[in-house]
Amino acid sequence: MLAPVFDLRMASAAIGLALLVAWPLVGGSFGVDLVTKTMIYAIIALSLELLVGSAGLVCFGQAAFFGLGAYAAAKLTPQSAAPSIFWLLPACVGVAAAYALFMGALSLRTRGVYFIMVTLAFAQMAFYVVHDTPLGGGTDGIYLYFKPLVEIGGKPLFDLDAPLAMYYFVLASLVAVFAFLALLMRSHFGRALAGIRINEQRMRATGFSTYWYKLAAFVVSGAIAGLGGFLFAVKDGFVNPELLSWHLSGAVLIMIILGGIGHLRGAVIGAFAFALLQELFKSEALFGPFAKHWLLGLGLAIIVSVALLPRGLIGAGALLAHRLRRTPRIDAVGGPHR
């Protein structure tokens, strides 16, 4: 049974990738911009999936790493010349990873709801630093005057100022992150995280230093979220404190719940489903004046989805098949047949 399931997963992933590759041909400028932004959110959703789905760590401060990666791109970009992406991108990822190391080293000494609140507190600390000090430009935010250059030996490979080039660069980043995490989950490290999620005490008893495994996962997660922040800053050319707000952390958590916790594909599907629901309820053509209250519609839709699909959208097919198998059939005599 494993081979057909594996083939089905590979086929669905290939179809999804093909659709994303072909989307600019039919999506138009608005569609390309929307999907580019959604793919960036899918990257930060994948970073949180590593913590929640693999290690069982519900972090409520993922926006801090995302925002710091974005602010690092803005602060490190000179106002006189375009920087090279080959040093700017690693620097932004490194800033986010460094803060994740600091946050994780302290917060991982707590558990449960205390861990959630400590990560939220650290994220709010970063938010208030950029919101209330000149370092982050306050509520006005910071503009990027130049997009980073992607060139080798002085020869440009592509221009990130072009929407299509930015789209495919974000798509390549999403595929790279997905492939990296898929390999990581199949490694000894990923299996150790799964063991920690299931029974941390038993893992300690078998000789695993669970703290260091969780800290490593926390840093990797922060680095991936920082990559998403870098891409967001380069795409929009502007950053503001809202990128570090707890609202974003909550939205990303909703994405992985909506898609299905425990599956990398679920994180990506959840990010796209969340974005589509937002655009759906914002449509005045469909909802008229109610579109002004789109948050209410979005909340109700998420509640209904979670109630009907406890395993998320990724488990919709299995749940439907299970219910069909349990549905009694009527035989020729007219009695129920199971």
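Taken together, the values in this text are just the output of simple stated rules run on the coordinates, not laboratory data. Remember, predicted model here, so these are calculated numbers, not experimental data. So basically every Cβ, Gly included, is an ideal-geometry build from the backbone, and we count neighbours across all protein chains shown.
Here the spin labels are modelled as points 7 Å beyond Cα on the Cα-Cβ line, and at Phe208 and Ser84 they lie 4.1 nm apart. Peptides 48-58, 192-202, 155-165 ranked from most to least packed by the mean count of surrounding Cβ atoms within 10 Å: 48-58, 192-202, 155-165. Averaging over all projection directions, the Cα-based convex hull of the chain occupies 22.9 nm² in the image plane. The C-alpha atoms of the chain define a longest principal axis, and helix 24-49 lies at about 80 degrees to it.
In a reduced charge model with +1 at each Lys and Arg Cβ and -1 at each Asp and Glu Cβ, the chain shows a dipole moment near 1420 debye about its Cα centre. Here Lys282 is the anchor, and the aspartates and glutamates within straight C-alpha reach of less than 19 Å, apart from those fewer than 8 places off in the same chain, are Asp33. Extension gain for the segment Phe158 to Thr139, taken as residue separation times 0.36 nm less the Cα-Cα distance, is 3.6 nm to one decimal.
With the cut-off at 31 Å, tell me which of the pairs Lys37/Lys214; Lys147/Lys292; Lys37/Lys155; Lys214/Lys292 have Cα atoms farther apart than that. With Cα atoms farther than 31 Å apart: Lys147/Lys292; Lys214/Lys292. Here region 100-211 is assigned +1 on the Cβ of each Lys and Arg and -1 on the Cβ of each Asp and Glu. Its dipole about the Cα centre then comes out at about 840 debye.
Here the spin labels are modelled as points 7 Å beyond Cα on the Cα-Cβ line, and at Tyr114 and Leu25 they lie 5.7 nm apart. Between Leu17 and Ala176, the modelled label-to-label distance comes to 1.5 nm, taking each label 7 Å out from Cα in the direction of the beta carbon. Among the aspartates and glutamates, which fall within straight-line cross-link reach of Lys75, defined as a Cα-Cα distance under 19 Å, with same-chain neighbours fewer than 8 residues apart omitted? Filter leaves Asp132, Asp140, Asp161, Asp236, Glu242. Annotation for region 202-241 versus region 159-178: alpha-carbon center distance of 21 Å.
For region 228-241, 3J(HN,Hα) computed residue by residue from phi via the Karplus equation (6.51, -1.76, 1.60; θ = phi - 60°) reads x, x, 4, 5, 5, 5, 5, 5, 8, x, 7, 10, 9, x Hz, glycine and proline entered as x. The alpha carbon centroids of region 121-144 and region 47-88 are separated by 14 Å.
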